[in-house]
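The next block holds one structure in the form of structure tokens; read it before the comments.
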Amino acid sequence: MFCADPDAQSAWVIEQYRAKDRVEDDFKLLKDPDIIRWRPCRHWTDTKIRAYGFCCVMALLLLRIMELKAARAGLRMSPAVLKQELEDLREITLVYDARTAHVQISARSSVQQRLWDLFNLSAVENLLTGHHPAPYPQHRT
């Protein structure tokens, strides 16, 4: 292990050396086809390639923040498990007749409910369920 700063404290140098594993894990997440999927771009202009890279890095940041927040709440989950739990939530349209339909989020497991509450997803549930207009008038209760 080498350091370019001769005045650096040995504890700091050791901490930086050990932190490289976290950076390597983030690169693995970026490349994982089931998580973020940084792949060779099919874009041709520099601005589109930069935008694609920005979106991938923002996805990594969001995933790590969610992982940290879940861990602080006692839910230790890998990014893959965290994504899978949230990915299983679905928007469901219940059609009662030709004029009545109701849009809702699928039933949640106990873990999904804890994540739902932790990330305060009920605050955006109306946006989630009203995002795709149904071909039928919305059911009013």
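Sorting check: for 27-40, 45-58, 4-17, which peptide has the highest mean count of neighbouring beta carbons within 10 Å, and how do the rest follow?
Details: 27-40: 14.0, 45-58: 12.1, 4-17: 9.4.
Top to bottom by mean Cβ count within 10 Å: 27-40, 45-58, 4-17.
Given a Förster distance of 41 Å, report the FRET efficiency between Trp12 and Gln113 from their Cβ-Cβ distance, rounded to the nearest 0.05.
It comes to 0.45.
What aspartates and glutamates does Lys31 reach when the alpha-carbon gap must be under 17 Å and sequence neighbours fewer than 8 apart in one chain are set aside?
Asp21
Taking the Cβ of Ala80 as the centre, find all other residues whose Cβ is under 14 Å away and add up their charges (Lys, Arg: +1; Asp, Glu: -1).
Charge balance near Ala80 sits at -2.
If you consider only alpha-carbon coordinates, what radius of gyration and Dmax does the range 21-103 have, in Å?
17.7, 57
Compute the signed sum of charges (Lys and Arg +1, Asp and Glu -1) over the other residues within less than 14 Å, Cβ to Cβ, of Glu91.
Taking every other residue near Glu91 into account, the sum is -1.
Mean residue ellipticity at 222 nm from the helices of the chain, using -39,500 (n - 2.57) per DSSP H segment of n ≥ 4 over the full residue count, to the nearest 500 deg cm²/dmol?
-17000 deg cm²/dmol
Counting only complete DSSP H runs, which helices of the chain cover 27 Å or more along their long axis at the Cα atoms and score a mean Kyte-Doolittle of 0.5 or above?
Once both thresholds are applied, what remains is 46-72.
Using only the Cα atoms of the chain, what are the Rg and Dmax in Å?
When restricted to Cα atoms, the chain yields Rg and Dmax of 21.5, 77 Å.
Rounded to two decimals, what is the ratio between the C-alpha radius of gyration of the range 88-130 and 2.2 N^0.38 Å?
Cα Rg divided by the expected 2.2 N^0.38 Å: 1.30.
Long-range amide H contacts for Ala101: which residues qualify at under 5 Å (H placed 1.01 Å from N, peptide plane, sequence gap of 5 or more or a different chain)?
Here Tyr96, His139 satisfy the definition.
Return the lysines within reach of Lys28: Cα separation strictly under 22 angstrom, same-chain partners fewer than 8 residues apart disregarded; answer none if there are no such residues.
Of all the lysines, those that pass the test against Lys28 - Cα under 22 Å, at least 8 places apart if same chain - are Lys20, Lys69, Lys83.
Read-outs: derived from the displayed coordinates by stated rules, not from any lab. Fair warning: this is a prediction, and the values are worked out from it, not measured in the lab. Cβ sites come from the backbone with ideal geometry, for glycine too, and all protein chains shown count toward neighbours.
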